[in-house]
Amino acid sequence: MTILIFGVNHEKKNIGSAITKRFKQLYGNECIGVSKGMCEPDMRSNNKSPISLLVNCIGVFGEDRTLHSLIRNNALKLVDLMYGYKDNFAKDALVLNITSSAGVRPNPEYPKYSLSKQVAELVTKQLANEYISRGVYINSIALGRTRTKMREQVVGKDYLTEVALEPSEVAEFIYGLYHTNQKIYGTTYELRK
């Protein structure tokens, strides 16, 4: 079985890196951390083992970006991944799309970002309904404040107090979902402190 984590940046403290680290401890080379640039057909053709877990952590933040750019990166990357890997999933595979609490409850401070995460939630639910007939369970995890380099650059370290999630806590939550093997799809798990 293969575990794919997309949106990994080992140079920065990010969620994808924390998830990859946790799963590599348990599964070694079965877990592959993939940077944004490697979501290409050659990567798909090299993967011969069925995918049991795919986590999409690809996302961008910033009101200075265009709405199109935010939606493309925060919502439509999952579509690319699902259609690109559609024939590579194991039965009862789990797909988790990392979104944001701003996609569940609109955030007036970041309207374009919030809208892009709302679209990500809708895309996740639509794909969940489409892929359940293939035995693939797709859900999203809407994160509250999370201590990452990207978030620190936008809001500053002082804003991320003790109420912020650590990337390792997100990784543990995902590990728990994967190992309980619940047959749930189209659900948004809200994770926050």
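The values are calculated or read from the model by the stated rules, or taken from the named source; none is laboratory data. Everything numeric here is computed off the predicted structure, so don't read it as measured data. Here the Cβ positions follow ideal geometry from the backbone for every residue, glycine too, while neighbour counts run over all protein chains shown. With ligands, DNA and RNA removed, areas are computed over all heavy atoms of the protein, side chains included. Shrake-Rupley method; radii C 1.70, N 1.55, O 1.52, S 1.80 Å.
Side notes on the structure shown:
- Scanning the stretch 89-131 for residues that are over 19 Å from I58 (Cα atoms) and among the hydrophobic types (A, V, I, L, M, F, W, C), we see that the one that is most open to solvent (accessible area, probe 1.4 Å) is F89.
- Which numbered condition T66 fails, given (1) open to solvent by 10 Å² or more (accessible area, probe 1.4 Å); (2) in contact with a helix residue (DSSP H, G or I) (Cβ under 7 Å, 6 or more places away or on another chain); (3) of a type in the set (V, I, T): (2)
- Residues located in the stretch 86-104, provided they are more than 23 Å from L165 (Cα to Cα) and touching a strand residue (DSSP E or B) at 6+ places or on another chain (Cβ under 6 Å): N88, F89, A90, A93
- From the options G16, G59, G33, residue that is modelled with pLDDT of 85 or more, closer than 26 Å to Y110 by Cα and open to solvent by less than 40 Å² (accessible area, probe 1.4 Å): G16
- In the stretch 132-171, of all residues being crowded, with 19+ Cβ neighbours inside 10 Å and assigned to a helix (DSSP H, G or I), the one that is modelled with the lowest pLDDT corresponds to R151.
- Qualifying residue in the stretch 68-83 (condition: under 23 Å from E130 (Cβ atoms) and among the aromatic types (F, W, Y)): yes
- Filter result for M1 (closer than 20 Å to A93 by Cα, of a type outside the set (D, E) and either surrounded by fewer than 16 Cβ atoms within 10 Å (Cβ to Cβ) or at pLDDT 90 or above (or both)): yes
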